[in-house]
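**Q** One structure is given below, represented as structure tokens, and several questions about it will come after.
The values are calculated or read from the model by the stated rules, or taken from the named source; none is laboratory data. Quick caveat, the model's predicted, so the values are computed rather than measured. Neighbour counts run over all protein chains shown; Cβ positions are idealised from the backbone, glycine included. All accessible areas refer to the heavy atoms of the entire protein, side chains included, with ligands and DNA or RNA removed. Shrake-Rupley method; radii C 1.70, N 1.55, O 1.52, S 1.80 Å.
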Amino acid sequence: MQNRNIDLEKRQFGSTDMQITPVGFGAWALGGGDWVYSWGPQDDAESVAAIHRALDLGINWIDTAAGYGLGHSEEVIGKTLANMSDRPYVFTKCSLTWNEHGQFVDSLKRESIRRECENSLRRLKLECIDLYQIHWPRPDEDLEEGWETLSELKREGKVRWIGVSNFSVSQMRRIQKIAPINTLQPPYSLVRPEVQQEILPFCQENNIGVIVYSPMYSGLLTGKMTAERIKNMPPDDWRQRDPEFQSPRLERNLEIVAALTEIGNKHGVEPGVVAIAWTLRNPAVTGAIVGQRRPSQVDGIFPAATFRLSPAEIAQLDAILAKKV
């Protein structure tokens, strides 16, 4: 993979051979509307423009999943990157399958994962996936079968590296006996900081690269979220059903946003940039997945690739977090 227009800092991604930028392009919303975890309608042309803008700014990896839009996110990425000589790294996920009615079905069975892998390769127009991840550790009793299958796909050259998402330490210990875990993708933000207690230290000790998702908690920490805006979200936007977007948690979370805004104003950056920087200050975190739906969002969040918090600013945010019950 060649460098594009801007040479950003790169970080060693765990035990892989990849050096990735601190911020990656998150493609969840690119799945569009009319599915259970939709962010509402999405214009594919804007999705394509957003990807190009991110790559032109130097971001060198995209994270998606087969489940995002029931394959649609992968299709948009595949069409955008087709015949691109300096394409970014592409990470995707398996285990969240769906039936003919569009309802999700968890599966870690060997044949299911193999079928998913072939479908992802086709949609993404790739011969090999850079990082293939188990999306959710469900059903728990099939974790070993699922991980064995990913290990087989790696040996066969269908995928280069293998990782997991949303796994606990005990679940990672179980599958480590089968094959090394190259990466973990957990949720991590000022709204959901739980993984820093046990999971992130475990990854650091075991050289497992970490890319965190929802560092701005799905837009809640951007500074643009209000009770009125949430009320007027499209009916198929999953965030309307999330307790963190509803009273009484919403008011508490908006107090965090006020602190992010105060720090951001000092540096001329958006509150979301400060929220992302807070996750990147953790030494176990390699990169943050940032959802971007249009070029203007890319421009607003891009400073997170280089912005870093001072020790005093980290202490200020940690103090707010300590009071958050």
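**Q** Test each condition in (1) under 18 Å from residue 211 (Cβ atoms); (2) open to solvent by less than 30 Å² (accessible area, probe 1.4 Å); (3) not basic (Lys, Arg) for residue 136 and report the one that comes out false.
**A** Answer for residue 136: the failing condition is (2).
**Q** Tell me, yes or no, whether the range 110-123 has at least one residue that is at pLDDT 95 or above, closer than 21 Å to residue 40 by Cβ and of a type in the set (Asp, Glu). Lay out the reasoning, then the answer.
**A** The first filter runs over the range 110-123 and keeps only residues at pLDDT 95 or above, leaving 110-123.
Filter once more, keeping what is closer than 21 Å to residue 40 by Cβ: none.
No; the residues of the range 110-123 include none that is at pLDDT 95 or above, closer than 21 Å to residue 40 by Cβ and of a type in the set (Asp, Glu).
**Q** Would you mention how many residues in the range 171-190 are crowded, with 20+ Cβ neighbours inside 10 Å and assigned to a loop (DSSP other than H, G, I, E, B)?
**A** Within the range 171-190, the first condition is being crowded, with 20+ Cβ neighbours inside 10 Å, and the residues that meet it are 172, 175, 181-186, 188-190.
Within this subset, residues satisfying the condition of being assigned to a loop (DSSP other than H, G, I, E, B) are 181-182, 186, 188-190.
Residues flagged as crowded, with 20+ Cβ neighbours inside 10 Å and assigned to a loop (DSSP other than H, G, I, E, B) within the range 171-190 amount to 6.
**Q** Being surrounded by 22 or more Cβ atoms within 10 Å (Cβ to Cβ), touching a strand residue (DSSP E or B) at 6+ places or on another chain (Cβ under 6 Å) and within 23 Å of residue 33 (Cβ to Cβ), is that true of even one residue in the range 214-231?
**A** There is at least one residue in the range 214-231 that is surrounded by 22 or more Cβ atoms within 10 Å (Cβ to Cβ), touching a strand residue (DSSP E or B) at 6+ places or on another chain (Cβ under 6 Å) and within 23 Å of residue 33 (Cβ to Cβ).
**Q** Right, something else. Output the residue which, of all residues in the range 73-95 that are buried (at least 21 other Cβ atoms within 10 Å of the Cβ) and among the aliphatic types (A, V, I, L, M), is farthest from the chain's Cα centre (by Cα).
**A** So, considering only residues that are buried (at least 21 other Cβ atoms within 10 Å of the Cβ) and among the aliphatic types (A, V, I, L, M), the one farthest from the chain's Cα centre (by Cα) is 76.
**Q** When you scan the range 26-145 for helices (runs of 4 or more DSSP H) that lie fully inside it, which ones turn up with 2 or more residues that are closer than 22 Å to residue 172 by Cα, in contact with a helix residue (DSSP H, G or I) (Cβ under 9 Å, 6 or more places away or on another chain) and in contact (Cβ under 8 Å) with a residue 40 or more places away in the chain? Can you show your working first?
**A** On the way: elements: 44-56, 72-81, 110-124.
Qualifying helices (runs of 4 or more DSSP H): 110-124.
**Q** Of all residues in the range 232-271, count the ones that are within 22 Å of residue 31 (Cα to Cα) and either small (Gly, Ala, Ser) or surrounded by fewer than 22 Cβ atoms within 10 Å (Cβ to Cβ) (or both). Even if it seems obvious, please write down each step before you answer.
**A** As a first pass, look at the range 232-271 and keep what is within 22 Å of residue 31 (Cα to Cα): 232-242, 245.
Filter once more, so that each one left must be either small (Gly, Ala, Ser) or surrounded by fewer than 22 Cβ atoms within 10 Å (Cβ to Cβ) (or both): 232-242.
The number of residues fulfilling the criteria is 11.
**Q** Could you run through the range 244-280 and say how many residues are closer than 12 Å to residue 221 by Cα and outside any helix (DSSP H, G or I)?
**A** Within the range 244-280, residues that are closer than 12 Å to residue 221 by Cα and outside any helix (DSSP H, G or I) number 1.
**Q** Could you list, in sequence order, all residues of the range 150-175 that are in contact with an Asp or Glu (Cβ under 6 Å, 6 or more places away or on another chain) and over 17 Å from residue 131 (Cα atoms)? So that I can check it myself, show each step before the final result.
**A** Here is the first cut: in the range 150-175, the residues in contact with an Asp or Glu (Cβ under 6 Å, 6 or more places away or on another chain) are 160, 169.
Answer for the range 150-175, where residues must be in contact with an Asp or Glu (Cβ under 6 Å, 6 or more places away or on another chain) and over 17 Å from residue 131 (Cα atoms): just 169.
**Q** Mind checking which residues of the range 17-44 are β-branched (Val, Ile, Thr) and open to solvent by 10 Å² or more (accessible area, probe 1.4 Å)?
**A** The one that is β-branched (Val, Ile, Thr) and open to solvent by 10 Å² or more (accessible area, probe 1.4 Å): 36.
**Q** Working only within the range 84-109, note down all residues that are more than 17 Å from residue 73 (Cβ to Cβ) and touching an Asp or Glu at 6+ places or on another chain (Cβ under 6 Å).
**A** Correct list: 108 only.
Residue-wise test of (1) in contact with a Gly (Cβ under 7 Å, 6 or more places away or on another chain); (2) charged (D, E, K, R).
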{"site": "62", "(1), (2)": "yes, no"}
{"site": "87", "(1), (2)": "no, yes"}
{"site": "117", "(1), (2)": "no, no"}
{"site": "142", "(1), (2)": "no, yes"}
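**Q** Looking at the range 290-325, which of its residues are in contact (Cβ under 8 Å) with a residue 40 or more places away in the chain, surrounded by fewer than 24 Cβ atoms within 10 Å (Cβ to Cβ) and outside any helix (DSSP H, G or I)?
**A** Of everything in the range 290-325, those that are in contact (Cβ under 8 Å) with a residue 40 or more places away in the chain, surrounded by fewer than 24 Cβ atoms within 10 Å (Cβ to Cβ) and outside any helix (DSSP H, G or I) turn out to be 291, 293, 294, 306, 307, 309, 324.
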